[in-house]
Amino acid sequence: MDKLILGIESSCDDTSAAVLRDGVLLSNVIAGQTVHEAYGGVVPELASRAHQQNIIPVVAQAIKQAGVAKTDLSAIAFTRGPGLLGSLLVGTSFAKGLVTALNIPMIEVNHLQAHVLAHFIRQKDRDYDPPKFPFLCLLVSGGNSQIILVRACNDMEIIGQTIDDAAGEAFDKCAKVMGLPYPGGPVIDKLSKEGNPKAFALSKPQVAGYDYSFSGLKTSFLYLLRDRLRENPQFVEQNRADLCATLQATIIEILLNKLVKAAKELNINEIAVGGGVSANSGLRLALTEAAERYRWKIHLPPLAFTTDNAAMVAMAGTFKYERQDFCPMEAVPFSRVSAM
Ligand code: KG4
């Protein structure tokens, strides 16, 4: 029998709905929220309100684009967490309402697991070559920086994570102090192409194990700007590309160091990445080079699946549907996660 799964994602500032039939992508609709741009970061209350406005048209559009009827759906998968509670509540409540109306099961999905499982989405026009278990997934976004050991689709362990800021946050916050628009990651990525990645020295963390830290880097970037701006008020304008290139190269070096360490120590050579920062062209290049050097098989997600999207939620839901792993109506969102 077909597994026709509707996925709903509302953990941060993207409202998304997607339909997968037996793991094959039929539709993936994403409504971004521009309302946050003026604030240089996501404002949780505004995000929840925008989700409320978007959720009905986005789900309707996903079902329409998929060419199915909602009464054909086998189950609805929704992101239960981690994320912003108010935002998650919109998707969770909507899923509960729709499964009740359709009398079908509901599947809760961990947002981080969904990012990992995005690699298993089948697309009609793309070769299917998902990572082989066990593999490591570097998950880097605005809210996450983790190295996840993936033993199976339902057996994942966070072996390293940031003890303070996420990698995307480092991009966004440093972009903000340079007067660049939000989100800063894509802008820094673009400007870095014209800059010298060794123009300045920024501090690198000394954290044990596979954990990350980005707040020291952020602080050293701020001090660099403060000191140089005292001498030259035009410093940022005159050195923007070099500043971006140095910052990006340092973030990539920090990310890669721990990933290489984990891969060596655990003797794993299947490496996947996910999350918004995995769209970074410098990181993709560095991973491709590392793959040659360390004989890794590297799995880079299509750009559409790097940021928050419901296709990955529907994919995680598909795996759970196969195990009949459904959740009760009492399921409530959660904001943080320490284990998976
Ligand atoms: O996964 P995502 O859409 O959701 C959140 O966790 O919020 O990731 C968003 C993050 C932002 O911090 C953004 O600056 C970063 O991903 N990002 C990038 C690039 N594209 C998005 N960072 C670096 N380079 C990029 N090309």
Can you give me the solvent accessible area of residue 72 with a 1.4 Å probe, rounded to the nearest 10 Å²? 90 Å²
Reduced Cα scattering model of the chain, Debye log10 I(q)/I(0), q = 0.09 Å⁻¹: -0.48
For a 25 Å ceiling on Cα separation, which of these pairs sit above it: 124/297; 218/297; 124/190? 218/297; 124/190
State the percentage of accessible surface on region 63-197 attributable to carbon and sulfur atoms; use a 1.4 Å probe and exclude ligands, DNA and RNA. 51 percent
Cα extents of region 126-190 per principal axis, largest first, Å, are 43, 34, 13
Report the gain in length on full extension from residue 176 to residue 322: 0.36 nm times residue separation, minus Cα-Cα distance, nm rounded to one decimal. 48.1 nm
Mean accessible area per residue over the chain (1.4 angstrom probe, all protein chains present, square angstrom) is 44 Å²
Would you list which aspartates and glutamates come within 14 Å of residue 258, measuring only between C-alpha atoms, while excluding same-chain residues fewer than 8 positions from it? 211
What is the calculated FRET efficiency for residue 154 to residue 38, with r their C-beta to C-beta distance and R₀ = 41 Å, to the nearest 0.05? 0.50
Which whole-Hz couplings ³J(HN,Hα) result when phi for each residue of region 80-97 is put into the Karplus expression 6.51 cos²θ - 1.76 cosθ + 1.60, θ = phi - 60°, listed in order with x for Gly and Pro? 8, x, x, x, 7, 4, x, 5, 4, 4, 5, x, 5, 5, 5, 4, 4, x
Spatial separation of Cα centroids for region 54-97 and region 103-181, in angstrom: 20 Å
Percent antiparallel among DSSP beta bridges confined to the chain, nearest 5, equals 60 percent
Quick one: Karplus J couplings for region 279-290, per residue in order, coefficients 6.51, -1.76, 1.60, θ = phi - 60°, nearest Hz, x for Gly and Pro? 7, 4, 5, x, 5, 4, 5, 4, 5, 5, 5, 5
Please give the length that would be gained between residue 297 and residue 64 if that part of the chain were fully extended, namely 0.36 nm times their separation in residues minus their C-alpha to C-alpha distance (nm, one decimal). 80.2 nm
Per-residue ellipticity at 222 nm attributable to helices in the chain (runs of n ≥ 4 DSSP H, -39500 (n - 2.57) apiece, nearest 500 deg cm²/dmol) works out to -14000 deg cm²/dmol
Place a label point 7 angstrom from the Cα of residue 264 along the Cα-to-Cβ direction, then list the residues of region 199-218 whose backbone nitrogen is under 18 Å away. 205-212
By the Cα gyration tensor axes a ≥ b ≥ c (a/c under 1.5 gives rounded; else a/b larger than b/c gives prolate, otherwise oblate), the shape of region 159-203 is oblate
DSSP bridge pairs, region 1-104: antiparallel proportion in percent, nearest 5: 75 percent
Region 9-80: Rg/Rh from Cα coordinates, Kirkwood Rh? 1.03
Report the extension gain between residue 336 and residue 102 in nm, rounded to one decimal, defined as 0.36 nm multiplied by the number of residues separating them, less their alpha carbon distance. 81.2 nm
From the phi of every residue in region 100-112, what ³J(HN,Hα) in whole Hz does the Karplus formula 6.51 cos²θ - 1.76 cosθ + 1.60 yield, where θ is phi - 60° and glycine or proline is x? 5, 5, 8, 6, 10, x, 10, 10, 8, 10, 7, 4, 5
Ordering 340, 106 by accessible area with a probe of 1.4 Å, largest first, what comes out? 340, 106
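The values are calculated or read from the model by the stated rules, or taken from the named source; none is laboratory data. Because the structure is a prediction, the values reported are computed rather than measured. All Cβ positions, glycine included, derive from the backbone under ideal geometry; neighbour counts span all protein chains shown. Calculation scope for accessible area: heavy atoms of the full protein, side chains included, ligands and nucleic acids excluded. Shrake-Rupley method; radii C 1.70, N 1.55, O 1.52, S 1.80 Å.
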